[in-house]
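The values are calculated or read from the model by the stated rules, or taken from the named source; none is laboratory data. These figures come from a predicted structure and were not determined experimentally. Cβ atoms come from the backbone with ideal geometry, glycine included; neighbour counts cover every protein chain shown. What goes into the accessible areas is simple: the full protein's heavy atoms, side chains included, and nothing from ligands, DNA or RNA. Shrake-Rupley method; radii C 1.70, N 1.55, O 1.52, S 1.80 Å.
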Amino acid sequence: MTTATVERPETKQPPEAEAKAPQPIEHISIICSKGTLDMAYPGLILANAARMSGIDATLFFTFWGLDIITDKKLDKLHVATVGNPSMHIPTMVGGLPGMESMATSMMKKEMEKLDIPPVREMLEILHDAGAKIYACRMAMDMFKLEESELIPQVNGVLSAMDFYDKSAGAQLLFI
Amino acid sequence: MTTATVERPETKQPPEAEAKAPQPIEHISIICSKGTLDMAYPGLILANAARMSGIDATLFFTFWGLDIITDKKLDKLHVATVGNPSMHIPTMVGGLPGMESMATSMMKKEMEKLDIPPVREMLEILHDAGAKIYACRMAMDMFKLEESELIPQVNGVLSAMDFYDKSAGAQLLFI
Amino acid sequence: MTTATVERPETKQPPEAEAKAPQPIEHISIICSKGTLDMAYPGLILANAARMSGIDATLFFTFWGLDIITDKKLDKLHVATVGNPSMHIPTMVGGLPGMESMATSMMKKEMEKLDIPPVREMLEILHDAGAKIYACRMAMDMFKLEESELIPQVNGVLSAMDFYDKSAGAQLLFI
């Protein structure tokens, strides 16, 4: 009756091995729009893995993601405990003062154990490795941020149109 | 000891300038799955920037993102204040009645100052500029939405399989 | 005065029909980073639609997304009611004990009505259809997860660098 049915697609086989090999990824362009610690790391780690594989990496920070490259804020990013059922903290408890700080502190310790540097150092490593770090012009205006408030590793402030130009040949991700 | 170590990738140089220039982006295909005001704008702004650069733009609204193209809901999208540490509002305060309305009203004012139109007008601009606007069939069924409840700028209701067809040659984003 | 103005791009026409047809999508590679039920389904449904269209599908589960392939957790994924204005539940009410369970139960029922299988069965279908399911090494270490705690359909545990290798020729999505 409905057209939304999920059919079991077993009858179709995976595509045959192509005559030509698939095109390796040459450039990753990541839009970072979230300012929580747990959504800051994925973009930084993916960009770092790209550079370690010889893949170009472009990062475009917009909306809440600007916090990640704002000098006064980036050391204080928090993990969200409320509205995040994966934390396995009941909502009423997650909302209590102190719970967010505890989750944030726990995540920072785990990252440190895995030798994953803090956000500020990750950005320095990325910059030194040739990743490009851009801020979104429109979000800067919306939050009344000056370029002087961003970390020195920022390569420039771009419009979304400029961002598309810089992303030629790239695979795009929105985080 | 762990295999998850982040190594400093300085020793690898960025890839040499290729003989051939990288392929410019020709088509952006954006899946919009969130219904908050702060996650509605990024998709609309990225699609608009694409059209301004002569890049094709396809928008596919699914799950909570359907609110953005639902006539009765799109003027009332809210900014999330709880579960969003970037708002810099303590969780207990963010949960108080009225806080979400205040944050929403503030964001709308900032957008207006930057000459960024309200969501409804953005959708009209996109439609007039040749962007394609689609609703997800499965999510429509899940939320028991009729096509008549969507804005008239919607070009059709598609399955995810149809969406892949419409996205040939596109870079995909999931918001 | 501001550079962030959204201009009406009507004057530019959509690109002419190209001499060559755009390249169809051949491979979708999806990074699943969220562990909520409403953000688990989009990745699974998009991967399933890909396989039904003869498109290769690769899934890479990281951060909270690991819950989706963790045997003891995947049957208990929840919908977030707080911090999600699209739920149309006031924040104070959304935070009450039981609300998340109710929203989760409602979503499960709607999915069932649409013949969309539960998460565990979706993963089995995807595996049988040739989709590749990977876990992120770094997130496994961070959450102290053993491979034996994952479902048997997992094809392996990868670093982000390995993930890029497996995604050659793919369109990437981050959920």
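Can you work out which of the residues in segment C:19-37 that are open to solvent by 70 Å² or more (accessible area, probe 1.4 Å) and either more than 8 Å from chain B (Cβ to nearest Cβ) or in contact with a strand residue (DSSP E or B) (Cβ under 7 Å, 6 or more places away or on another chain) (or both) is modelled with the highest pLDDT? The extreme case among them is C:Glu26. Taken over segment B:152-170, residues that are free of Cβ contacts under 8 Å to residues at least 12 places away in the same chain and either more than 10 Å from chain C (Cβ to nearest Cβ) or among the β-branched types (Val, Ile, Thr) (or both) amount to 1.
In the set (1) within 9 Å of another protein chain (Cβ to nearest Cβ); (2) closer than 17 Å to C:Ile69 by Cβ; (3) in contact with an Asp or Glu (Cβ under 7 Å, 6 or more places away or on another chain), C:Glu149 fails one condition alone, (1).
Just one of (1) at pLDDT below 95; (2) at the interface with chain B (Cβ under 10 Å from one of its Cβ atoms); (3) on the phi < 0 side of the Ramachandran plot fails for A:Lys12. It is (2). Filter segment A:38-61 down to residues that are closer than 17 Å to B:Met39 by Cα and open to solvent by 10 Å² or more (accessible area, probe 1.4 Å), then give me how many there are. Residues meeting the conditions: 1. Within segment B:104-134, being crowded, with 21+ Cβ neighbours inside 10 Å and either within 12 Å of chain A (Cβ to nearest Cβ) or modelled with pLDDT under 90 (or both) holds for B:Met111, B:Ile116. Any idea how many residues of segment C:51-70 are in a helix (DSSP H, G or I) and either more than 13 Å from the chain's Cα centre (by Cα) or at the interface with chain A (Cβ under 8 Å from one of its Cβ atoms) (or both)? Within segment C:51-70, residues that are in a helix (DSSP H, G or I) and either more than 13 Å from the chain's Cα centre (by Cα) or at the interface with chain A (Cβ under 8 Å from one of its Cβ atoms) (or both) number 5. Within segment A:164-175, the residues that satisfy the criterion of being buried (at least 18 other Cβ atoms within 10 Å of the Cβ) and assigned to a loop (DSSP other than H, G, I, E, B) are A:Ser167, A:Ala170, A:Ile175. Just the residues that are assigned to a helix (DSSP H, G or I) and more than 18 Å from B:Asn155 (Cα to Cα), please, taken from segment B:26-49. Result: B:Leu37, B:Asp38, B:Met39, B:Ala40, B:Tyr41, B:Pro42, B:Ile45, B:Leu46, B:Ala49.
Put simply, of A:Met142, A:Met161 the only residue that is over 18 Å from the mean Cα position of the chain (by Cα), open to solvent by 30 Å² or more (accessible area, probe 1.4 Å) and among the hydrophobic types (A, V, I, L, M, F, W, C) is A:Met161. Taken over segment B:38-80, residues that are closer than 20 Å to B:Glu112 by Cα, in contact with a strand residue (DSSP E or B) (Cβ under 8 Å, 6 or more places away or on another chain) and among the small types (Gly, Ala, Ser) amount to 3.
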